[in-house]
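The structure follows.
Coordinate-derived values only; no laboratory data. Small disclaimer: the values here were computed from a predicted structure and weren't measured. Every residue, glycine among them, receives a Cβ derived from its backbone with ideal geometry; neighbour counts consider all protein chains shown.
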Amino acid sequence: MTAITAGVPVTRLGPAAKHRSRAIRNGFATACIVLSFIIVLVPLALLVGYVVARGHQLFSYAFLTKDIPTQITPGPGMGPAVFGTLLITGAATAMAVPLGVLGGVYLSEYGRRSVIARVLRFFAEIMTGVPSIVMGLFIYTAVVLKTKNLNAFAGALALACLMLPIVIRTTDEMLRLVPAELREGSTALGSRQARTIMRIVLPAAAPGIVSGALLAVARAAGETAPLIFVLSPVYRTNRSLFHGGNTALSVQIFQNASSPYAASQQRAWAAALTLIGIVFVFTVLARIFTAIYSRRSTAS
Amino acid sequence: MVAESPSQDSAPVAHLTDGHRPPGRVVDVGFRLLAMLAGFSVLIILGLIAFSTTHTAWPAFSKEGIHFFTSTTWDVPKQRFGALAFIGGTLLVSAIALVFAVPVSIGLALFITEIAPGKLRRWIVTVVDLLAAVPSVVYGLWGLLVVAPKIIGFYKDLASDFAHVPILNTLLSGRPLSGVSFMTAGLVVGLMITPIITSITREVFVTVPTAQKEAAVALGATRWEMIRGAVFPHSRGGIVGAVLIGLGRAMGETIAVVLLIGSSTELTGRLFSPGETMASVIVNQFGEAQDLYRAALVGLGVALFAITIIIGVIARGLVARVEARAGGA
């Protein structure tokens, strides 16, 4: 490795001054590296601090359940958005998780290292990088323009497109950690591949798959851009997935943030606190499931 | 659950020796086909996205031709749609974001892999994950109501300090009336893409063979010399890939940018001016758009889709090459 010999100044060892300059350079680099950690930590702390400080006053049970008042009216009310976020994200999860797990099963159990599987894996990764606004435009042009309906289901479709590649990739990765002996044992006992997958492989990888699904839910619940084209706003709770407009916490934060009225901005902060709470809970749950899975697979 | 034929529960071995067709075969093949279809759903959806958006945008593409990308005239009443100003805005915001995010991300990844002890390491990874989990709209809210009003004074100071330095005086000017500008949007987007660049860079650094790092230290290298001599040469391609993935995210970032960039359709290099990116103009103008106007906005989405796919293919290719080399070694 020529690079290493170039970087290690064996010949330069000697004079004390050289030693000192190397030590200084090393100290400076180390300081920069530690500094970059602080540069990231401070804004995160500030962001969470502001959201909690400004959002907690209005945050209450009434805030989570009451209808949304007009822009200038102070007071709580974000119920329709809380319900909308749960409805839309829930419907998206119901579509994306089964499809994504099946897709991951194909990659890990049938496709394995074949060219097709590698191409699909590659494009699943590419798809996670497609901007969420493009998913919104896609559902708008492919579904909303045809049905002329702005409803929660269109929003759920857009979020499902975002979640799908995440679920496929994590399922694929988790299934590949399942020891081959389990599959061989099941096959030796006479099970067909489908039965082996359903009864042996998927249960073994369940905590890992759940973790991936939770991360996808956390990502989708916070998304705004795909929803604003495909939802027509409502200010009262709409329990229907297919009839009438709907709203979501993220959409309400977006609209209220640019409102000139203090009452609206106040509700935006409290809604942000609610949304961050939901997203962090899902992220932490995902980490717990990952920990369970990795402990189980290292133990076996 | 997939339906299972009851015959599966009886011993299949007996059936096999009977010379009958083994039971459960239909279910097995059906499951396989279903899984295959689900696996191909990614390609199907990407194809549908390309087709459906391009189809809707086609009137604008065919009317403007290459001018869609080269003209700065975005005149709705005259039905002229040249998107150059927004393409420029996207590049400007992404460039600002990368300038801040790349050094910090590489530093943070080095901190995690080379300096932090085990327990602290896991804690930092959690912090970075949370940073990535904060929704875009919350960054936008914080940027608009907290950062922007506080940062105007700083912009004004910079503008007056560099008022007589050529180039910098144009760059660091604008109308810092409210804090929303290319600069504010770029700074916040930089913070938003730091976690993704950090986590990919970290994965690349982990693939550096321990033997090479130990060899460098054994030869008397300081930690920094070890990083320069063993870690960086091994990871160069992977770092470029990580930066490109960050670039893709920055270009597609929408809601935070909409809130922080102000909305001005003028092409400018003044960092403290309000502007518009491809993604933000779609959100800002979509509500009122009809027919050709709407086609032009969807056309911006098509361009964004194409750019992020191209960047993604190059970036993932680079990262995959580094990881494959580590796996093969």
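Out of the residues in segment B:140-159 that are surrounded by fewer than 15 Cβ atoms within 10 Å (Cβ to Cβ) and of a type outside the set (Asp, Glu), which is nearest to the other protein chains (Cβ to nearest Cβ)?
Residues of segment B:140-159 that are surrounded by fewer than 15 Cβ atoms within 10 Å (Cβ to Cβ), as a first pass: B:149-150, B:153-154, B:156-157.
Remaining after also requiring of a type outside the set (Asp, Glu): B:149-150, B:153-154, B:156.
Working: B:Pro149: 12, B:Lys150: 11, B:Gly153: 17, B:Phe154: 15, B:Lys156: 22 Å.
Here the answer is B:Lys150.
Please go through (1) small (Gly, Ala, Ser); (2) touching a residue at least 24 places away in the same chain (Cβ under 8 Å); (3) farther than 19 Å from A:Ala218 by Cβ for B:Ser160 and return the number of the only condition it doesn't satisfy.
Every condition holds for B:Ser160 apart from (2).
Wholly within segment B:222-271, which helices (runs of 4 or more DSSP H) include no fewer than the required count, namely at least 3 residues that are more than 7 Å from chain A (Cβ to nearest Cβ)? Lay out the reasoning, then the answer.
Working: elements: B:223-226, B:232-252, B:255-260.
Per the criteria, B:232-252, B:255-260.
Please state which one of A:Leu241, A:Leu231, A:Leu182, A:Leu249 is within 11 Å of chain B (Cβ to nearest Cβ) and out of contact with any Asp or Glu (no Cβ under 7 Å at 6 or more places or on another chain). Quick ask: steps written out before the conclusion?
Working: A:Leu241 fails: within 11 Å of chain B (Cβ to nearest Cβ); A:Leu231 fails: within 11 Å of chain B (Cβ to nearest Cβ); A:Leu182 fails: within 11 Å of chain B (Cβ to nearest Cβ).
Being within 11 Å of chain B (Cβ to nearest Cβ) and out of contact with any Asp or Glu (no Cβ under 7 Å at 6 or more places or on another chain) holds for just one of A:Leu241, A:Leu231, A:Leu182, A:Leu249, which is A:Leu249.
Could I ask something else about it? Give the residue that is nearest to the chain's Cα centre (by Cα), with candidates limited to residues of segment B:110-125 that are among the aliphatic types (A, V, I, L, M) and more than 9 Å from chain A (Cβ to nearest Cβ). Before the answer, list the steps.
Quick first cut of segment B:110-125, residues among the aliphatic types (A, V, I, L, M) only: B:110, B:112, B:115-116, B:120, B:124-125.
Now drop any that are not more than 9 Å from chain A (Cβ to nearest Cβ), which leaves B:120, B:125.
Values: B:Leu120: 27, B:Val125: 19 Å.
Going through the qualifying residues, I end up with B:Val125.
Oh, and also: Suppose we keep only residues that are closer than 26 Å to B:Val319 by Cβ, crowded, with 21+ Cβ neighbours inside 10 Å and of a type in the set (Ser, Thr, Tyr) within segment B:179-226. Which one would you say is farthest from the chain's Cα centre (by Cα)?
Checked segment B:179-226; the qualifying residue farthest from the chain's Cα centre (by Cα) is B:Thr201.
Any idea how many residues of segment B:272-291 are more than 10 Å from chain A (Cβ to nearest Cβ) and farther than 15 Å from B:Ile87 by Cα? Please lay out each step first, then the result.
Applying the first criterion (more than 10 Å from chain A (Cβ to nearest Cβ)) to segment B:272-291 yields B:272-277, B:281, B:284-285, B:288-291.
Next, from what is left, pick out any that are farther than 15 Å from B:Ile87 by Cα: B:272-273, B:284-285, B:288-291.
Adding up the residues that qualify gives 8.
Here is a follow-up. Only one residue in A:Ala194, A:Ala286, A:Ala205, A:Ala213 is at the interface with another protein chain (Cβ under 10 Å from one of its Cβ atoms), under 26 Å from the mean Cα position of the chain (by Cα) and either in a loop (DSSP other than H, G, I, E, B) or not basic (Lys, Arg) (or both). Which one?
Values: A:Ala194 fails: under 26 Å from the mean Cα position of the chain (by Cα); A:Ala205 fails: at the interface with another protein chain (Cβ under 10 Å from one of its Cβ atoms); A:Ala213 fails: at the interface with another protein chain (Cβ under 10 Å from one of its Cβ atoms).
Within the list A:Ala194, A:Ala286, A:Ala205, A:Ala213, the selection yields A:Ala286.
List every residue pair whose Cβ atoms sit under 8 Å apart, with the two residues 6 or more apart in sequence or on different chains, where the first one lies in segment B:43-65 and is more than 17 Å from B:Leu304 (Cβ to Cβ) and the second, anywhere, is part of a helix (DSSP H, G or I) and of a type in the set (Asp, Glu).
As it stands, the answer is B:Pro59/B:Asp291, since those pairs meet every condition given.
Name the residue, out of B:Val128, B:Val137, B:Val76, B:Val99, that is within 19 Å of the chain's Cα centre (by Cα), in contact (Cβ under 8 Å) with a residue 60 or more places away in the chain and surrounded by fewer than 16 Cβ atoms within 10 Å (Cβ to Cβ). Spell out how you get there, then give the answer.
Working: B:Val128 fails: surrounded by fewer than 16 Cβ atoms within 10 Å (Cβ to Cβ); B:Val137 fails: surrounded by fewer than 16 Cβ atoms within 10 Å (Cβ to Cβ); B:Val76 fails: within 19 Å of the chain's Cα centre (by Cα).
When all the criteria are applied, what remains is B:Val99.
Please state which one of A:Phe138, A:Phe122 is over 30 Å from B:Gln290 (Cβ atoms), within 13 Å of another protein chain (Cβ to nearest Cβ), of a type in the set (Phe, Trp, Tyr) and within 21 Å of the chain's Cα centre (by Cα). Give the steps one after another, and end with the answer.
On the way: A:Phe138 fails: over 30 Å from B:Gln290 (Cβ atoms).
The match here is A:Phe122.
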